[in-house]
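Nothing in this text is a laboratory measurement; each read-out follows from the coordinates by a stated rule. Here the structure is a predicted model, which is why all the values come from computation and not from measurement. Backbone-built Cβ (ideal geometry, glycine too); neighbour counts: all protein chains shown.
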Amino acid sequence: MRANGRAPHVLTGLVGGRFRPAARSGAGESDTPATRLAALPDEERRPALLRIVSSEVATVLGHTNTDLVTAERSFMELGFDSMTAVELRNRLSGAIDGQLPATVVFDHPTPAALTEFLMSLTGGSSQRGVLAELDALESALSGVAADDEQTRDAVAARLQVLLSRLNGAGGDAAEEEAKVAETLGSASASEIFDFIDTQLGRSAN
């Protein structure tokens with residue numbers, strides 16, 4: 001999103017009106033063009049993203065329409081240089097409400113390639129949803145007091161059960177909980193975070 005809170009113009013009314021602002025059902029809920037884009041199924045999100053990319057490319061290059069911006073035509077051929085590449089990166093970062101790499105235009109040198117990259121970053125996939133939930137879990141755990149052993153043990157046990165299910169390890173859930181509770185009963189808060197990083201395959205930032 002832009003710094004002033006407005007969405008890029010190309011997102012307005014995109015995909016048959018799906019991106020028009022809708023009434024919010026709660027004060028804390030987010031209802032933005034970017035979140036509605038993320039909610040689209042892949043078969044709709046891909047062409048929507050391609051239209052966003054093409055429109056932003058045309059805008060950066062000063063074109064009044066996207067006639068010259070074809071999916072497989074390279075950005076270099078279209079006339080991009082380092083400055084316009086950064087401008088496109090910034091505009092697309094606003095469109096998806098996320099920060100893109102500075103070299104994204106050169107790493108994905110056509111509108112089609114860039115669209116596929118944006119597909120991997122925007123919502124709509126179960127993988128992204130799960131990772132977002134893990135981020136929320138990590139944030140919640142940061143608020144657990146270091147001396148709150150009861151909560152720490154309960155969280156550790158539940159995490160181990162979930163990991164067992166994820167890995168298809170099977171076994172009795174109660175037995176797994178008891179085992180982990182015994183092992184991590186004296187663990188510090190930092191050790192719990194190390195456990196999450198190691199077992200869930202996350203790299204500490």
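Net charge dipole, the range 64-116: roughly 100 debye, given to the nearest 20, about the Cα centre with Cβ charges of +1 for Lys and Arg and -1 for Asp and Glu.
Note that the range 48-57 has calculated 3J(HN,Hα) couplings of 5, 5, 5, 5, 5, 4, 4, 5, 5, 4 Hz, one per residue in order, obtained from phi through the Karplus relation 6.51 cos²θ - 1.76 cosθ + 1.60 (θ = phi - 60°); glycine and proline are x. Using the Cβ-Cβ distance between residue 67 and residue 112 with R0 set to 25 Å, the FRET efficiency works out to roughly 0.90.
Can you tell me which of 147-159, 110-122 comes out highest on packing, and rank the rest after it, using the mean Cβ neighbours within 10 Å?
My ranking of the peptides, most packed first, is 110-122, 147-159.
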